[in-house]
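Structure, as structure tokens:
The values are calculated or read from the model by the stated rules, or taken from the named source; none is laboratory data. Note that the structure is predicted; figures quoted are calculated from it, not measured. Cβ placement follows ideal geometry from the backbone for every residue including glycine, while neighbour counts extend to all protein chains displayed. The area values use the complete protein model at the heavy-atom level, side chains included, leaving out ligands, DNA and RNA. Shrake-Rupley method; radii C 1.70, N 1.55, O 1.52, S 1.80 Å.
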Amino acid sequence: MRASGPGDAGRVLGRCLAHLCNLLNPDLVVMGGELSACGELLKGCTESLRRHALQGAVAEDSGFSLQLGELGATAEAQGALVLGLRGQETREDLSAATTSS
């Protein structure tokens, strides 16, 4: 399947999300980063998700929600920063545990 614009790309993404929702049955899917700035992509994604997912997984009364992230285009950078800081804390904890033994 070839996507030629944001709406088509959203439909392809929605179909992939539908497969994930059918397998995992999440209550919430958050689209973030630069994807969250394109309303046409989100519209196509929502249409395709509702069309291809099992109704019990994404129906309005199932509690499922597709939302835009609040971090916007900096989501990836902020996530990388958090992972880096957590890695540093882990190394410090391991270092402290080995020196106190």
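Annotation: of all residues in the range 23-59 being closer than 15 Å to Asp8 by Cβ and among the polar types (S, T, N, Q), the one that is modelled with the lowest pLDDT is Thr46.
Candidates are the residues of the range 17-47 that are part of a helix (DSSP H, G or I) and acidic (Asp, Glu); the one that is least open to solvent (accessible area, probe 1.4 Å) is Glu47. Consider the range 72-101 and keep the residues that are β-branched (Val, Ile, Thr) and modelled with pLDDT of 80 or more. The one that is farthest from Gly32 (Cα to Cα) is Val82. Residue pairs, Cβ under 7 Å, 6 or more apart or interchain, first in the range 8-23 and under 16 Å from Leu54 (Cα atoms), second open to solvent by 40 Å² or more (accessible area, probe 1.4 Å) and not in a helix (DSSP H, G or I). List them. These pairs meet every condition: Asn22/Leu54.
Of the residues making up the range 60-78, those that are open to solvent by 60 Å² or more (accessible area, probe 1.4 Å) and more than 18 Å from Arg11 (Cβ to Cβ) number 10.
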